[in-house]
Amino acid sequence: MTLSIPELPLVYLSDDELALINMLRADMQRDRWALLLRDAYFNGEQLIRDLGISIPPQLKGLHTVIGWPRVGVESLEERLDLEAFRWADGSDSSDLAEIADANDLFDESSLAHLDSLVYGREYLAVGSGDCGTDDCPPLISAESPLDMTLMWDARLRMGTAALRECAADTFVESGPEERMIVLYLPDQTVTALPSESGGWEVIDRDIHNLGAVPVVRMANRQRTADRVGKSEITPEVMSITDAACRRLMGMEVAAEFFGAPQRYILGASESAFQDAEGNAKSAWETYIGRVLALERDEDGQVPTVGQFAAHDPTAMTRIIDLYARIMSSQFGLPPHMLGYTTDNPASADAIRSTEAKLVKRSERRIRRYGAAWQQAMRLALWVRDGVPPEKTRRIETVWRNPATPTVAAQADATVKLVQAGILPADSDVTLEMAGLTEGQRQRVRADRRLAGAASTGGRLLERLDALNRSPSAALPDVVEVDGGDDGL
């Protein structure tokens, strides 16, 4: 008689898992400083690298901030609006909408896009639901690269392992350092806490046997030799930001020292600088005196009073305008978005022309990020159903038009396509091109079904009424009724 002993999940980490964790942690720590630097520039918390020439020591604590990195990144992110998931074959997409709504993806997507633009990458982690039943929708969470890293196979174009290290969840009894790690492998997901002995104690092993790491990297500005991605806050952007901040600081220093022009008095007696009791006035009291009474000298000559030319900030403002134009070229933004203005404001056509590069950059990000969201949704369906979705069924992501055309322009272009016979008037594509959101399109479809049912019922009632008025007329054996999509 042979006894079969069920295979139990390991409560400790194997040597291979420990080696993998150490390697991934080292990779995450190596890039942490560069990520925090980009985060500081985005939040306006960077330390300005002063040249130590024009700033006096007393004003070293003066901190000037210019928000160009935030403006540039957010201007691109604001055009990346994920609106819906759907099957490319036009079949019912309610299962995709259920997963998206359960994970609040349409709000979380903006956070993921913003982190990807700031840090150069973002991660989408997929796992099983935590409600304790099989009906739980799978979880899709956006993870910061400050807390997560991924080992990538460039030949297979997929991840081979991933690690997330963060503060311990509230439902887990945390370890001595109140942190936890989650190791994502192709066959399982391992959650561990620091142990008292200095190692790791496994608290959960989710054996999913997917054959793929349930983590997707949302990379920005990839290259063939750099699949990790690059931030929109490039070294050029940081350098220009520092230079502009130094010029602003120089203007602050000039305002402190030269905002009030220097004055001079020639040929005045000592009593002009003394009060009524014969005490010497301070330089400030002498300067701010509205009426300066001066006596003639012993030769009867009136003292000469004058002032030096005050500091003119025009030169520095021109330099800052130059930096604004350079920064606008780096971000592909119209200069007026960075505060640069001219006496002759640009026309609407000129503004749209300058936004062409920004629109194209947005379209490229939509293509890249859309592929990441599609892959994450396929993994979520795989986790939910236990089997991968059919490869022939492709998932599409629906995005708002990044060109942000006016409603009138979109409607006019759509009407022309319908009139030319290119698009049918009752097509869902027509509604999408007209600029309607996914929710609005659903309501239009419902209204069309109701209108179709009402029209069919009206024709049927008219036919019956006509038959009732003509009792001699023979009733047909079959009445053919045409209805809407639901068969009414």
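Rule-based calculations on the coordinates, nothing more; no lab input. Keep in mind that this is a model prediction, so the values were computed, not measured. Using ideal geometry, Cβ is built from the backbone for each residue, glycine included, and neighbour counts are taken over all protein chains shown.
Taking a virtual spin label 7 Å from the Cα of residue 371 along the C-beta vector, which residues in the stretch 184-216 bring their backbone nitrogen under 20 Å of it?
What the label zone holds, given the 20 Å backbone N cut-off, is 212-216.
Neighbouring Cβ atoms within 10 Å as the yardstick, rank 364, 79 fewest first.
The fewest-first ordering by Cβ neighbours comes to 364, 79.
Which cross-chain or sequence-distant (5 or more) residues have an amide H under 5 Å from the amide H of residue 161, H modelled 1.01 Å from N in plane?
Result for residue 161 returns 151.
Testing the spin-label approximation: label points 7 Å from Cα along Cα→Cβ at residue 32 and residue 62. State their distance in nm.
Here the modelled spin labels are 3.6 nm apart.
Summing Lys, Arg as +1 and Asp, Glu as -1, what charge do residues with Cβ under 10 Å from the Cβ of residue 88 carry, residue 88 excluded?
My count for the surroundings of residue 88 gives +1.
Based only on other Cβ atoms within 10 Å, what is the fewest-to-most ordering of 427, 144?
Ascending Cβ contact count within 10 Å gives the list 427, 144.
Please give the length that would be gained between residue 91 and residue 187 if that part of the chain were fully extended, namely 0.36 nm times their separation in residues minus their C-alpha to C-alpha distance (nm, one decimal).
Length gained, residue 91 through residue 187: 31.5 nm.
Starting from 0.36 nm per residue, how many nanometres of slack lie between residue 110 and residue 141 once their C-alpha separation is accounted for?
9.9 nm
Please identify every one of the trypsin sites (Lys or Arg not before Pro) in the stretch 375-454 that sits in a loop by DSSP and has no more than 16 other beta carbons within 10 Å of its own beta carbon.
391, 393, 394, 400
Report the FRET efficiency, 1/(1 + (r/R0)^6), for residue 455 and residue 364, where r is their Cβ-Cβ distance and R0 is 60 Å, rounded to 0.05.
After rounding to 0.05, the efficiency reads 0.85.
So for 316, 148, fewest C-beta neighbours within 10 Å to most, what's the order?
Numbers: 316 15, 148 23.
Ordered by Cβ neighbours within 10 Å, fewest first: 316, 148.
Figure the gain on full extension for residue 309 and residue 83 (residue separation times 0.36 nm, minus the Cα-Cα span) and round it to one decimal in nm.
75.4 nm
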